[in-house]
Amino acid sequence: MTRAVFLDRDGTLIEEAGYLDRLERMAFFPFSVDAVRVLNRAGFKVVVITNQAGIARGIVRESFVAEAHRHISQRLEAGGAKIDAFYYCPHYPDGVLEQYRRECDCRKPRPGLLRRAAEEMNLDLARSFVVGDRWHDLAAGHAVGARAVLVRTGLGRKDEIDPHPGTVPDTIVDNLMDAAAWILQQP
Ligand SMILES: [Mg+2]
Ligand SMILES: [Zn+2]
């Protein structure tokens, strides 16, 4: 079984942009490509896990999410880095589009997408890591026995000073590059 690093997308791998709905609004951090490459070379599967409630809310088309993920992949590939898989939750309990309007098991903090990835990719969750800028990212990781890193990019600084009961990050670092460095030092 392979170890994985599950990356949140918005605010962690790319800049937080509210509901990202156009490629022109997508901005990479200067360290994004290097951080993913470091994790690739260390033998981790790198998997993006993202809540995309904008789909259920009718703000973002599901086809755009696929396009955005292709764009991210191409940008990383050009720098010798690779996302092994993207998983997203399109649901929202109060969504306007009926086909996506529901309580699901895959919207973080629920760990459904991590479990699905583990099953499909033969991942060892207990030896894996989650990196995210929100408490719900970390909670999803802890729910499956993974270690969880809070980054201060995106909304991370805000969440750092507003602790979430029951969710204690394994570490808090400035950004994804520092998270990758910390992960590589762990047993
Ligand atoms: Mg985020
Ligand atoms: Zn869902």
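The values are calculated or read from the model by the stated rules, or taken from the named source; none is laboratory data. The shown structure was predicted, so the numbers you read here are calculated from the model rather than taken from an experiment. Ideal geometry is used to build each Cβ from the backbone, glycine not excepted, and the neighbour counts take in all protein chains shown. These area figures cover heavy atoms from the full protein model, side chains too; ligands, DNA and RNA do not enter into them. Shrake-Rupley method; radii C 1.70, N 1.55, O 1.52, S 1.80 Å.
Taking ALA66 as the residue in question, decide whether it is free of Cβ contacts under 8 Å to residues at least 24 places away in the same chain and among the aliphatic types (A, V, I, L, M).
Numbers: free of Cβ contacts under 8 Å to residues at least 24 places away in the same chain: yes; among the aliphatic types (A, V, I, L, M): yes.
Judged against the criteria, ALA66 is a match.
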Every residue from the stretch 1-51 that is in contact with a strand residue (DSSP E or B) (Cβ under 6 Å, 6 or more places away or on another chain), open to solvent by less than 10 Å² (accessible area, probe 1.4 Å) and part of a loop (DSSP other than H, G, I, E, B): ARG9, THR12, LEU13
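Do we find that ARG157 is open to solvent by 20 Å² or more (accessible area, probe 1.4 Å), within 16 Å of ligand 1 (Cβ to nearest atom) and not hydroxyl-bearing (Ser, Thr, Tyr) in this structure? Can you show your working first?
Details: open to solvent by 20 Å² or more (accessible area, probe 1.4 Å): yes; within 16 Å of ligand 1 (Cβ to nearest atom): yes; not hydroxyl-bearing (Ser, Thr, Tyr): yes.
So ARG157 passes the test.
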Helices (runs of 4 or more DSSP H) wholly inside the stretch 94-187 containing at least 2 residues that are within 16 Å of the chain's Cα centre (by Cα) and charged (D, E, K, R): 112-121
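Residue-by-condition table, conditions (1) closer than 17 Å to VAL47 by Cβ; (2) β-branched (Val, Ile, Thr); (3) open to solvent by 20 Å² or more (accessible area, probe 1.4 Å); (4) in contact with a strand residue (DSSP E or B) (Cβ under 9 Å, 6 or more places away or on another chain):
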| site | (1), (2), (3), (4) |
| --- | --- |
| GLU103 | no, no, yes, no |
| CYS106 | yes, no, no, yes |
| ARG110 | yes, no, yes, yes |
| ARG115 | yes, no, yes, no |
| VAL130 | yes, yes, no, yes |
| VAL149 | yes, yes, no, yes |
| PRO169 | no, no, yes, yes |
Out of HIS136, HIS142, sole residue that is within 16 Å of ligand 1 (Cβ to nearest atom) and either of a type in the set (Phe, Trp, Tyr) or open to solvent by 10 Å² or more (accessible area, probe 1.4 Å) (or both): HIS136
Exclusive hit being within 29 Å of PRO187 (Cα to Cα), more than 16 Å from ligand 1 (Cβ to nearest atom), touching a Phe, Trp or Tyr at 6+ places or on another chain (Cβ under 8 Å) and of a type in the set (A, V, I, L, M, F, W, C), set ALA56, ALA117, ALA85: ALA117
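Table: residues versus (1) modelled with pLDDT of 95 or more; (2) in contact with a Gly (Cβ under 7 Å, 6 or more places away or on another chain); (3) within 20 Å of ALA81 (Cβ to Cβ).
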site: MET121; (1), (2), (3): yes, no, yes
site: GLY145; (1), (2), (3): yes, no, no
site: VAL149; (1), (2), (3): yes, no, yes
site: LEU155; (1), (2), (3): yes, yes, no
site: ASN175; (1), (2), (3): yes, no, yes
site: ALA180; (1), (2), (3): yes, no, yes
site: GLN186; (1), (2), (3): yes, no, no
